[in-house]
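What follows is a single structure, written as structure tokens, with notes after it.
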Amino acid sequence: MKTRGLFEKHDTDRSGMFDRMETKRAVDEFIQSEGQPPISQTDFDNAFARFDIDRSGQLDFMEFRNLLRYIGNVDTGFDIGQLFGIRNQRDQRLNQFRNNPQQIQCSLF
Ligand SMILES: [Ca+2]
């Protein structure tokens, strides 16, 4: 199914925007049609946050299209869970460093 068709099908309240539930349903259908393994709730939440640029809690069509493209691309050679795992680890280290740079230095040397 084309992205536009997928969007119109799952925009059940015809708002022109996807809320989290609508996005999840559309992503699940997309993933299934691509023969990809199901996306975990954590990966979905991360992906949603990444593409909800203005933090409105909703995705417009362009944001949704970018999300699908991202998920689709990730499947070619990358495991999305692994990818987000690496990113989360990196973010955790960065946060640790910001919160307590000296402690990190001690653990490195
Ligand atoms: Ca909607």
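Just so you know, all these numbers are worked out from the coordinates, no wet-lab data involved. This one's a predicted model, so the numbers in the text were calculated from it and none came from an experiment. Quick reminder, even Gly has a Cβ in these numbers, built from the backbone with ideal geometry, and neighbours come from all protein chains shown.
Once the C-beta distance of Phe61 and Asp91 is scaled by a Förster radius of 35 Å, the resulting FRET efficiency is 0.80 to the nearest 0.05.
Whole-percent P(r), region 3-78, all Cα pairs, 5 Å bins from 0: 3, 17, 32, 27, 16, 5, 1, 0.
Sorted fewest first by neighbouring Cβ atoms within 10 angstrom, Leu94, Leu6, Leu67 come out as Leu94, Leu6, Leu67.
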